[in-house]
Amino acid sequence: MSISETINQDIKKAMLAKEKTKLSALRAVKSAFLLEKTSKGGKDEIPADVELKILQKLVKQRKDSAEIYKDNGREELYKNEIAEAEIIASYLPKQLSEEEVWKEIKTIVEQENAFSIKAMGKIMGIATKKLAGKTDGKTISSIVKKMLT
């Protein structure tokens, strides 16, 4: 079963259970999936890797918004955004720890014999594909930068 099918089933469950926060988060995901399907060049089925990217983007948006709310003293909105981010993140694969990401990137660097900063683009491309959905691009970028300098 694809992520979008799971989301649709969970929306129904959230409606029946009257879980407002969960329902709001899942509707945002469904909306993002529909936008992807109806966008120019969109297909009837969204590939799994694209679904993961959409979910990651939504989680990042929620976390960014939460930080802004926290900085402005809007505690209730901050809590809501964090709750939604956690709900959406639950549909992502298990996130790797920073240690595990280090190991994965070190393996890639050794396989490619790339030990200078000039190879950063190549390593980033490989690592981003390999670790898609398991960690964010910011983490990958910072680790690759540290490792190659």
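Points worth noting:
- Of the criteria (1) touching a residue at least 40 places away in the same chain (Cβ under 8 Å); (2) in a helix (DSSP H, G or I); (3) surrounded by fewer than 13 Cβ atoms within 10 Å (Cβ to Cβ); (4) not aromatic (Phe, Trp, Tyr), which one residue 94 fails: (2)
Yes or no, residue by residue, for (1) surrounded by 15 or more Cβ atoms within 10 Å (Cβ to Cβ); (2) at negative phi; (3) at pLDDT below 95:
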| position | (1), (2), (3) |
| --- | --- |
| 9 | no, yes, no |
| 12 | no, yes, no |
| 22 | yes, yes, no |
| 25 | yes, yes, no |
| 37 | no, yes, yes |
| 41 | no, no, yes |
| 46 | yes, yes, yes |
| 49 | no, yes, yes |
| 52 | yes, yes, yes |
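- Across the stretch 123-137, the qualifying residues are those that are modelled with pLDDT of 85 or more and of a type in the set (Lys, Arg), and the one among them that is surrounded by the most Cβ atoms within 10 Å (Cβ to Cβ) is 130.
- Filter result (in contact with a Leu (Cβ under 8 Å, 6 or more places away or on another chain), outside any loop (DSSP other than H, G, I, E, B) and of a type in the set (Gly, Ala, Ser)) within the stretch 97-136: 119
- Looking across the stretch 1-58 at every residue that is of a type in the set (Lys, Arg) and within 19 Å of the chain's Cα centre (by Cα), the one that is farthest from residue 92 (Cα to Cα) is identified as 37.
- Count - residues of the stretch 97-122 that are among the β-branched types (Val, Ile, Thr), over 20 Å from the mean Cα position of the chain (by Cα) and either buried (at least 17 other Cβ atoms within 10 Å of the Cβ) or within 19 Å of residue 52 (Cα to Cα) (or both): 2
- Filtered residues of the stretch 1-41 (kept if within 21 Å of residue 133 (Cα to Cα) and among the small types (Gly, Ala, Ser)): 2, 4, 25, 28, 31, 32
The values are calculated or read from the model by the stated rules, or taken from the named source; none is laboratory data. Source: prediction; values computed, not measured. Cβ coordinates were reconstructed from backbone atoms using ideal geometry, including for glycine residues, and neighbour counts include every protein chain displayed.
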